[in-house]
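Novice: One structure is given below, represented as structure tokens, and several questions about it will come after.
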Amino acid sequence: MLKLQNVQAGYGNILAIKDVSLEVERGEIVTLIGANGSGKSTLLMAISGIIPCRKGRILFGDREMQGLEPDRIVKMGICQVPEGRHIFPELSVRENLDMGAFLRTDKNGIKEDMDYVYSLFPILAERRNQDGGTLSGGEQQMLALSRALMARPVLLLLDEPSMGLAPLVIKQIFEIIKKINSEYKTTVFLVEQNAHQALHIADRGYVLENGRIALSGSAAGLLENPEVQKAYLGI
Amino acid sequence: MNYFIELFFSGLTRGAIYALIALGYTMVYGIIGLINFAHGEIYMIGAFTSFVVASVLSIYGFPLIAIVIMTGFAAAVWAGAYGYTIEKLAYKPLRHAPRLSPLISAIGMSILLQNYVLLAQTSDFLPFPKLIPDFPFMERYADVLGSSDLVILLTTTAVMILLTFLIKYTRIGKAMRATAQDTTMAMLVGINVNRIISITFVIGSALAAIGGLLIASHIGQINFYIGFIAGIKAFTAAVLGGIGSIPGAVLGSLVLGLTESFATGYVSSDYEDVFAFSLLVLILIFKPSGLLGKAVIKKV
């Protein structure tokens with residue numbers, strides 16, 4: 001479904017992504033693990049069209065995506081929950097969710113999906129009229145995830161959803177990701193530093209080091225891999 | 001007491017005009033962080049467009065009310081087109097340049113537009129037709145509030161209500177707020193940020209043009225230079241209220257208008273600008289983010 005071929009991307013003179021090829025199949029959860037500064041977020045920003053893909057190709061189905069405007073990419077069904085959540089701080093919870101559905105026009109469907117995310121995260125329903133900026137970190141992550149779901153994505157790009165959250169909240173968020181994947185067949189590309197959690201819910205994984213894919217394989221295989229254990233799992 | 005009330009209303013009227021211009025400054029700043037120094041010129045172009053359209057329409061003998069509405073509409077659309085074009089030509093290519101570059105481009109645009117109107121029109125003051133008649137029912141209050149002051153206040157109030165509604169409840173308005181709060185995220189939810197920026201320029205310019213029409217008819221003359229001082233004053237008002245904040249721009253404008261009016265009335269009209277800018281200096285010293293502005297906390 002999503003295919004990256006020799007992608008190169010970066011900010012200014014810094015080439016964070018040097019040469020990345022990977023593939024995400026329909027219905028999978030694929031994770032990309034890597035240390036701080038290995039270029040994970042840059043890669044997601046390139047897929048979403050926020051920064052240009054300098055070399056290589058990004059394919060979605062059989063359409064080339066590099067060079068498309070970000071709103072076109074969202075329209076194709078690729079939604080990102082960026083690192084740090086990026087809640088619109090002075091829009092209410094409700095308005096944040098509305099923004100997630102910005103490109104949709106099916107009023108009834110939007111209403112349904114809003115009820116659905118409220119059922120996933122009842123706390124958001126409780127706080128629907130509160131400004132997004134007043135939520136706690138965990139609530140903001142729930143809102144960020146819900147906002148992306150409001151677009152009814154085909155492919156969900158998640159950038160470090162566990163960052164800065166309490167273990168219990170992380171567990172809840174990952175359960176929901178798994179649930180969305182199995183119930184709605186939403187394909188998930190999950191970028192994580194928290195390799196342990198990520199590999200546990202993923203089907204397959206890639207390891208990014210210095211802007212290149214260093215390892216790849218099934219999630220179970222990577223969990224057993226001594227190099228991964230040493231570098232990312234702290235075993 | 002009558003004198004006080006008269007000064008109060010004349011201050012409100014001034015403030016209302018400043019507000020129509022200040023909104024353009026503050027909305028553009030809110031979205032792209034740029035002080036659009038060419039904005040005062042848009043107001044001037046609005047006044048000139050009104051002059052041309054109103055003159056032509058009155059030759060054809062349209063009733064006054066029709067002239068006012070059509071002139072206002074034409075000025076708003078034409079100025080909106082200017083705002084749109086200016087953004088595309090002078091600011092969009094510099095979107096990722098250092099912050100100083102678009103600012104200098106804005107100053108250049110301002111000088112260009114002034115001189116263009118100077119060459120295309122005239123350096124003399126042009127008499128502006130009186131579009132707002134003296135209403136008979138206002139005669140009793142004529143010593144405190146003139147008819148055109150009343151029209152200015154009512155029009156501005158109506159425009160503010162419309163704008164508030166637009167920004168608070170419509171899809172475009174929410175997208176404007178979202179873009180102002182987090183541009184990258186706005187792109188990630190599928191908002192076409194370039195289009196939102198264009199819309200912001202068009203709305204701001206249309207408001208300034210309506211201000212240009214109202215004040216030109218109120219004062220009765222225009223020239224190519226009126227945008228400069230009005231622009232600086234409205235900018236002052238926007239900073240006073242907290243640049244980037246829409247209610248702030250309105251509040252700052254009213255405070256500035258009233259200050260000027262009372263200073264003129266009770267001290268001397270020579271000191272009008274002294275009071276206006278002293279107020280700005282005081283606010284900047286004691287509340288640098290403006291009356292309703294938020295202190296910006298930069299994460300490092």
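Novice: Per q in 0.05, 0.06, 0.13 1/Å, what log10 I(q)/I(0) does a Debye calculation on the alpha-carbon atoms of the protein assembly as shown return?
Specialist: One equal scatterer on each Cα of the protein assembly as shown leads to -0.27, -0.38, -1.18.
Novice: I've got another one for you. Quick one: which residues, 5 or more positions from A:Ala214 or on another chain, have an amide H under 5 Å from its amide H? H modelled 1.01 Å from N in the peptide plane, none for Pro or chain starts.
Specialist: Distant-sequence amide H within range of A:Ala214: A:Val207, A:Leu208, A:Glu209.
Novice: Relative contact order for segment B:2-286 using alpha-carbon pairs under 8 Å, separation at least 6, rounded to a whole percent?
Specialist: Working: 429 pairs, mean separation 114.8, N = 285.
So the answer I get is 40 percent.
Novice: Using Cα springs under 10 Å in a Gaussian network model of chain B, which residue among B:Phe37, B:Phe137, B:Phe48 shows the largest mean-square fluctuation?
Specialist: Residue with maximal mean-square fluctuation among B:Phe37, B:Phe137, B:Phe48: B:Phe137.
Novice: OK, next. Take the Cα atoms of segment B:2-286, find their three principal axes, and give me the spread along each one in whole Å, biggest first.
Specialist: Cα spread of segment B:2-286 along its principal axes, largest to smallest: 58, 51, 38 Å.
Novice: At a Förster distance of 35 Å, what's the computed FRET efficiency of B:Asp134 paired with B:Lys88, Cβ-Cβ distance as r, to 0.05?
Specialist: Numbers: r = 43 Å, r/R0 = 1.22.
Using R0 = 35 Å, I get an efficiency of 0.25.
Novice: Just the number: Rg to Rh for segment A:21-173, Cα atoms, Kirkwood Rh, two decimals. Show your work: numbers first, answer last.
Specialist: Working: Rg = 15.7 Å, Rh = 16.3 Å.
Rounded to two decimals, Rg/Rh equals 0.96.
Novice: Tabulate in residue order the Karplus-calculated ³J(HN,Hα) for segment A:70-82, using 6.51 cos²θ - 1.76 cosθ + 1.60 with θ = phi - 60°, rounded to whole Hz; enter x for Gly and Pro.
Specialist: With coefficients 6.51, -1.76 and 1.60, one gets x, 5, 5, 5, 4, 4, 6, x, 9, 10, 10, 9, x Hz.
Novice: Scan around A:Lys55 for amide H atoms under 5 Å from its own, H built in the peptide plane at 1.01 Å from N, and keep only partners 5 or more places away or cross-chain.
Specialist: A:Gln8
Novice: Near A:Lys185, which aspartates and glutamates are there with a Cα under 14 Å away, not counting those fewer than 8 places off in the same chain?
Specialist: A:Glu25, A:Glu28, A:Asp203
Novice: While we're on this one: Between segment A:80-112 and segment B:69-87, how far is it from one alpha carbon centroid to the other, in angstrom?
Specialist: 33 Å
Novice: Go through A:Lys75/A:Lys111; A:Lys107/B:Lys88; A:Lys75/B:Lys174; A:Lys107/A:Lys171; A:Lys3/A:Lys75 and tell me which ones have a Cα-Cα distance over 22 Å in this structure. It would help to have the intermediate numbers written out before the result.
Specialist: Values: A:Lys75/A:Lys111 19 Å; A:Lys107/B:Lys88 34 Å; A:Lys75/B:Lys174 19 Å; A:Lys107/A:Lys171 32 Å; A:Lys3/A:Lys75 18 Å.
As for pairs spanning more than 22 Å Cα to Cα, those are A:Lys107/B:Lys88; A:Lys107/A:Lys171.
Novice: Turning to a different aspect of this structure: Suppose only helical runs count, i.e. DSSP H with n ≥ 4. What mean residue ellipticity at 222 nm does that imply for chain A under -39500 (n - 2.57) per run, divided by all residues and rounded to the nearest 500 deg cm²/dmol?
Specialist: Values: 9 runs with 85 residues, N = 235.
So the helix-based figure for chain A works out to -10500 deg cm²/dmol.
Novice: A further question on this structure: How many Cβ atoms of partner chains, on average, are near each residue of A:59-72 if near means within 10 Å of its Cβ? If you can, show how the numbers build up before the last one.
Specialist: Values: counts 0, 0, 0, 0, 0, 0, 0, 0, 0, 0, 5, 9, 10, 2.
Counting Cβ atoms of other protein chains within 10 Å of each residue's Cβ and averaging gives 2.
Novice: Give the peptides A:210-220, A:97-107, B:240-250, B:71-81 in descending order of average Cβ contacts within 10 Å, highest first.
Specialist: B:240-250, B:71-81, A:97-107, A:210-220
Novice: What is the mean number of Cβ atoms from other protein chains located within 10 Å of the Cβ atom of each residue in peptide B:177-186, rounded to a whole number? Can you show the working numbers first?
Specialist: On the way: counts 5, 8, 2, 2, 8, 9, 1, 8, 13, 6.
Taking the mean over all residues of the peptide, I get 6.
Novice: I've got another one for you. Averaging sequence separations of C-alpha pairs under 8 Å and six or more residues apart, then dividing by the length of segment B:162-300, give the relative contact order as a whole percent.
Specialist: Numbers: 108 pairs, mean separation 22.0, N = 139.
Relative contact order, segment B:162-300: 16 percent.
Novice: Where in segment B:9-36 is the amide nitrogen less than 19 Å from a point lying 7 Å along the Cα-to-Cβ axis of B:Leu103?
Specialist: Under cut-off, by backbone N: B:25-36.
Novice: Further question: I need the peptides B:170-179, A:114-123, A:39-48, B:256-265 ranked by packing, meaning the mean over residues of other C-beta atoms within 10 angstrom, with the highest value on top.
Specialist: Details: B:170-179: 19.3, A:114-123: 16.0, A:39-48: 23.9, B:256-265: 21.2.
Most protected by this proxy first, the peptides run A:39-48, B:256-265, B:170-179, A:114-123.
Novice: When you look at the Cβ of every residue in B:189-202, what mean number of other chain Cβ atoms sits within 10 Å?
Specialist: Averaged over the peptide's residues, the number is 4.
Novice: Can you figure out the FRET efficiency of A:Ser136 with B:Leu112, using R₀ = 56 Å and their beta-carbon distance, to the nearest 0.05? Don't jump to the answer; show the numbers that get you there.
Specialist: Working: r = 51 Å, r/R0 = 0.90.
With a Förster radius of 56 Å, E is 0.65.
Novice: Please sort through the DSSP H helices of chain B and keep those with an alpha-carbon extent of at least 24 Å along the long axis and a Kyte-Doolittle average not below 1.0.
Specialist: Helix filter hits for chain B: B:2-32, B:39-59, B:64-86, B:100-120, B:147-169, B:193-219, B:246-266.
Novice: In whole Å, how far is the Cα centre of segment B:159-237 from that of segment A:160-235?
Specialist: Using only Cα atoms to place each centre, the spacing works out to 46 Å.
Novice: How many percent of all Cα-Cα pairs in segment A:168-226 sit more than 14 Å apart?
Specialist: Values: 991 of 1711 pairs.
Cα-Cα pairs of segment A:168-226 separated by over 14 Å account for 58 percent.
Novice: Antiparallel DSSP bridges in the protein assembly as shown: what percent, to the nearest 5?
Specialist: Working: 23 of 43 bridges.
Given both bridge residues lie in the protein assembly as shown, the antiparallel proportion sits at roughly 55 percent.
Where a number appears in this text, it was derived from the coordinates with a stated rule and is not lab data. Since we're looking at a predicted model, the values are computed, not measured. Using ideal geometry, Cβ is built from the backbone for each residue, glycine included, and neighbour counts are taken over all protein chains shown.
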